[in-house]
Amino acid sequence: MKISVIGTGYVGLVTGTCLAETGNEVLCIDINEEKVKQMQKGIVPIYEPHLDVLFDRNIKAQRLKFSTSLEEGIEHGDIIFLALPTPEDEDGSADLSYVLGAAKDIGKLIKEYKVIVDKSTVPVGTADKVTEVIAKETNVDFDVVSNPEFLREGFAVDDFLKPERIVIGSSSERATALMQKLYKPFVRSGNPIIVMDEKSAELTKYAANSFLATKITFMNEIANFCEKVGADVDMVRRGMGTDSRIGKRFLFPGIGYGGSCFPKDVKALHKSGKDSDYTFDILNSVISVNNTQKTILIPKIESYYNNDINGKTFAVWGLAFKPETDDIREAPSIYMMEKLLAGGAKLNVFDPEAMPNIKRKFGDTLNYANNMYDATKDVDALIICTEWSIFRTPDFNKLKKNMNSPVIFDGRNLYDIHEMKGEGFYYNSIGRVTVK
């Protein structure tokens, strides 16, 4: 099939590359000329495990191509994916200007039947708006489908190639048949393609992300309470997670969620509720608790140093909002570092992938280490913000030799508290007894 993908951000690039992998002819469109030139040379503009292999293979096979011409993209694709940004507006709502702007241009350029697919995360009713905008510009027949993505950064390629489910929001039998044909190679093992109306499909994505964010936030509150009463959140988590009604995933406490999806989607659903005269009280709490959780370690750090961190030097391990990505959007590390810098601290930072993005934001206010151990030289404490695998089994003797004192504040609970006691560290984590 001939597919066009408008927008080569995270979702668009993964979508286009993975669709090319099953033999489709994919043309990706982006207005950024320099980015398109780089992709045409085989350079992947984002970090995502395994994406580079598929990217290179499909470019060489000429199944994956790139252009800045929207007209070329509209002419090429039988199915046209809109994978455009829907950034958070000042009031928390999703900004649809990119999506609706593309829809207007499509209406002016469309010459024959096309299926227009909303792949971006969009509020309920967006498919209707896209349909209305396109219809004002053309008399050509078309259909608009909602097809939300459920890609986890760090696992996006696997998630696309082996999806747990595919959601298609469509009221058109013709469009539904084309979408089912497109996705058939991805569900050979029997995972479902769920067809529903467009509004239900749009809400499904927001509901799923908001529920997961709520689950994370609830566990963070339990962890904070554990510290008050002397319970161990790891034991509580294991006791809860073995209940099949609850499940083991998303029960790990930490310094809050970040990224491009959860923060934005929770706020957007909360705002959509207000717009429809409905209050999501639970989401209001989730937003509030998560904002506090991102800097939950700061009072602990300040208390340890008698409320004076001026002149102290800290190592920060992990800058991305989660491991296996270079994405720093709403990363807890940013909020942590801003607080520490405001208090007069100096920071040595390290992340396997996110350093360039952090440097664009913080400039020379941080010291960027070449590796995880260099970051710990002559520091007063180590602060862990992201649970990269390489941080899980460090050489503790090397750390003690590097550091001014053996002190760790762990926002991701990477280490066993009994092991840390044996290693001779002061170890402060989330929802567990502090090792002194």
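Calculate how many DSSP beta bridges within region 310-436 are antiparallel, expressed in % of all such bridges and rounded to the nearest 5. Percentage antiparallel, nearest 5: 5. Look at the dipole of the chain built from charges on Cβ: of Leu251, Gly12, Ile116, the Cα furthest out on the positive end belongs to Leu251.
When the residues Arg392, Arg432, Arg165 are ordered by accessible surface, computed with a 1.4 Å probe over the protein chains alone, the sequence from largest down reads Arg392, Arg165, Arg432. Could you please state how large a percent of the accessible area of region 227-274 is carbon and sulfur, counting protein chains only and using a 1.4 Å probe? On region 227-274, the fraction of accessible area on carbon and sulfur atoms equals 56 percent.
Peptide packing for 394-401, 131-138, 104-111, 312-319 was compared via the average number of neighbouring C-beta atoms within 10 Å per residue; ordered from the highest value, the list is 312-319, 104-111, 131-138, 394-401. Accessible surface for region 13-123, divided over its residues, is 44 Å² per residue with a 1.4 Å probe.
Heavy-atom accessible area with a 1.4 Å probe sorts Cys28, Cys261, largest first, into Cys261, Cys28.
Of the DSSP beta bridges with both residues in the chain, give the percent that are antiparallel, rounding to the nearest 5. Among the beta bridges of the chain, antiparallel pairing accounts for roughly 5 percent. Computing P(r) over Cα pairs in 10 Å bins from 0, in percent for the structure here picks out one of [x] 3, 12, 13, 9, 7, 7, 5, 5, 5, 6, 7, 7, 5, 3, 2, 1, 1, 0, 0; [y] 5, 22, 30, 25, 14, 4, 1, 0; [z] 4, 20, 27, 24, 16, 8, 2, 0, namely [z].
First measure r as the distance between the Cβ atoms of Lys228 and Ser276, then evaluate 1/(1 + (r/R0)^6) with R0 = 56 Å and state the FRET efficiency to the nearest 0.05. It comes out at approximately 0.90.
Membrane-span-like helices in the chain, defined here as complete DSSP H runs extending at least 27 Å along the helix axis by their C-alpha atoms with mean Kyte-Doolittle hydropathy no lower than -1.0, are 198-229; this is a sequence and geometry rule, not a statement about a membrane.
The packing ranking, built from the mean of other Cβ atoms within 10 Å per residue, places the peptides 224-231, 381-388, 19-26 in the order 381-388, 19-26, 224-231, highest first. Each residue was assigned an accessible area with a 1.4 Å probe, and for Ile194 the value is about 70 Å². Across the chain, C-alpha contacts under 8 Å between residues 6 or more apart give a mean separation that, scaled by the residue count, equals a relative contact order of 12 percent.
Can you classify region 179-290 as rounded, prolate or oblate using the Cα gyration tensor, where a ≥ b ≥ c are the square roots of its eigenvalues, rounded means a/c under 1.5, and otherwise it's prolate if a/b beats b/c and oblate if not? Taking the square roots of the gyration eigenvalues as a ≥ b ≥ c, region 179-290 is oblate. Accessible surface for region 315-367, divided over its residues, is 40 Å² per residue with a 1.4 Å probe.
Relative contact order of region 317-434, taken over Cα pairs closer than 8 Å and 6 or more residues apart, is 23 percent.
Using a probe of 1.4 Å on the protein chains alone, the accessible area found for Arg63 is around 60 Å². The calculated FRET efficiency for Asp416 paired with Asp91, based on their beta-carbon distance and R0 = 45 Å, is about 0.50.
Can you compute log10 of I(q)/I(0) for region 1-100 with the Debye formula, treating each Cα as one identical point scatterer, at q = 0.19 Å⁻¹? Values, matching the q order: -0.86. Taking a probe of 1.4 angstrom, what is the accessible area of Arg57 in Å², to the nearest 10? About 110 Å², rounded to the nearest 10. Compute the Cα gyration tensor for region 263-370, then decide on rounded, prolate or oblate, letting a ≥ b ≥ c be the square roots of its eigenvalues: rounded whenever a/c is under 1.5, prolate when a/b is larger than b/c in the other cases, and oblate in all that remain. Cα axes put region 263-370 in the oblate bin. Highest mean first, the peptides 302-308, 36-42 sorted by other C-beta atoms within 10 Å per residue fall in the order 36-42, 302-308. Residue ranking by accessible heavy-atom surface, 1.4 Å probe, largest first, among Glu72, Glu202, Glu173 comes out as Glu173, Glu72, Glu202. Apply the a/c threshold of 1.5 to the C-alpha gyration tensor of region 1-57 and tell me whether it is rounded, prolate or oblate. Oblate is the answer for region 1-57, as a/c is 1.5 or above yet b/c matches or exceeds a/b. Atom-type composition of the exposed protein surface of region 325-387 places 43 percent of the accessible area on carbon and sulfur (1.4 angstrom probe).
The values are calculated or read from the model by the stated rules, or taken from the named source; none is laboratory data. The structure presented is a predicted model; accordingly, all values stated were derived computationally and were not measured. A quick note on method: Cβ atoms are made from the backbone with ideal geometry, for glycine too, and the neighbour counts reach across all protein chains shown. The accessibility values were calculated without ligands, DNA or RNA, using every heavy atom of the protein model including side chains. Shrake-Rupley method; radii C 1.70, N 1.55, O 1.52, S 1.80 Å.
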